[in-house]
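Here the structure comes first, spelled out in structure tokens, and everything after it is commentary.
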Amino acid sequence: MRKALSISWHSQRPNIAYSETKLFDKYFEQLFKRDYKPENVHALSSWMREVWKRWSKENPLGLNESLLAMRAYAPFHHLYAVSLCFCVANKMAEGVPNPVVTLEKAQASGIVDQLVDMAGTCLNTALEAAANEPLPANRVFSPQNWIKTKNCLAGIRAAMQQYFAMLPSLPGGKDLSQKLKTALTMDAGDFESRWAAD
């Protein structure tokens, strides 16, 4: 079996195809959008390289061991969390930010590392919040199942919203909050609809 993973923000999380026939015949357009501009592919690749730097053995973000054990899924959710920095800052509930615009803005403001670290922290917070939720009797929380659900995506968004809401009350947070608000501001036209499976 081969797995194909899409790193597009439009997909929101990795898509999996289990046969080569399905991958190239049925899912080609879903995984590799012909109209996706090369500069956006390059921007996503740049963001993903930054994400992977945080998934080293040294674990610089102090990520939960359960996340580190899910390297097939979790780093792509980290990338999704990076996109949410822009969505939440611009109060876009449904839109997906244009990757090249996000990268240019982050580089111009010198906050690439800060955004990737913040996104990783929010992913970690979402996992830990989900693990602490009450469960029905005889049920055990499974990080491997959680990360494949819509609850995971909602949890990451909630953690990001909470981060932005709490930031001004932290020491030095007002200045950082204003800096992020200015750096992350995008036009509504810089957001697109999420791709959905046919």
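The values are calculated or read from the model by the stated rules, or taken from the named source; none is laboratory data. If you're wondering where the values come from, they're calculated on a predicted model, not measured in any experiment. Cβ: placed from backbone, ideal geometry, glycine included. Neighbour counts: every protein chain shown. Areas reflect the complete protein model, heavy atoms only, side chains present, ligands, DNA and RNA absent. Shrake-Rupley method; radii C 1.70, N 1.55, O 1.52, S 1.80 Å.
Do we find that Glu50 is in a loop (DSSP other than H, G, I, E, B) and not aliphatic (A, V, I, L, M) in this structure? So Glu50 does not fit the description; no. Out of the residues in the stretch 64-79 meeting the condition of being in contact with a helix residue (DSSP H, G or I) (Cβ under 6 Å, 6 or more places away or on another chain) and surrounded by fewer than 20 Cβ atoms within 10 Å (Cβ to Cβ), tell me which one is nearest to Thr185 (Cα to Cα). Per the criteria, the residue is Asn64. Exactly one residue out of Val82, Val100, Val88 is modelled with pLDDT of 95 or more, open to solvent by less than 10 Å² (accessible area, probe 1.4 Å) and part of a helix (DSSP H, G or I), and it is Val82. When residues in the stretch 57-91 are screened for being at positive phi and charged (D, E, K, R), 1 of them pass. Residues in the stretch 103-139 that are exposed (fewer than 14 other Cβ atoms within 10 Å of the Cβ), farther than 19 Å from Cys152 by Cβ and not polar (S, T, N, Q): Glu104, Ala108, Gly110, Asp113, Ala137.
Of the residues making up the stretch 161-190, those that are farther than 22 Å from Thr125 by Cα, open to solvent by 70 Å² or more (accessible area, probe 1.4 Å) and in contact with a Ser or Thr (Cβ under 8 Å, 6 or more places away or on another chain) number 2. In the set (1) open to solvent by 50 Å² or more (accessible area, probe 1.4 Å); (2) within 21 Å of Met186 (Cα to Cα); (3) in contact with a Pro (Cβ under 7 Å, 6 or more places away or on another chain), Trp52 fails one condition alone, (2). Evaluation of Gln107 against the conditions (1) in a loop (DSSP other than H, G, I, E, B); (2) free of Cβ contacts under 8 Å to residues at least 12 places away in the same chain shows that the sole unmet condition is (1).
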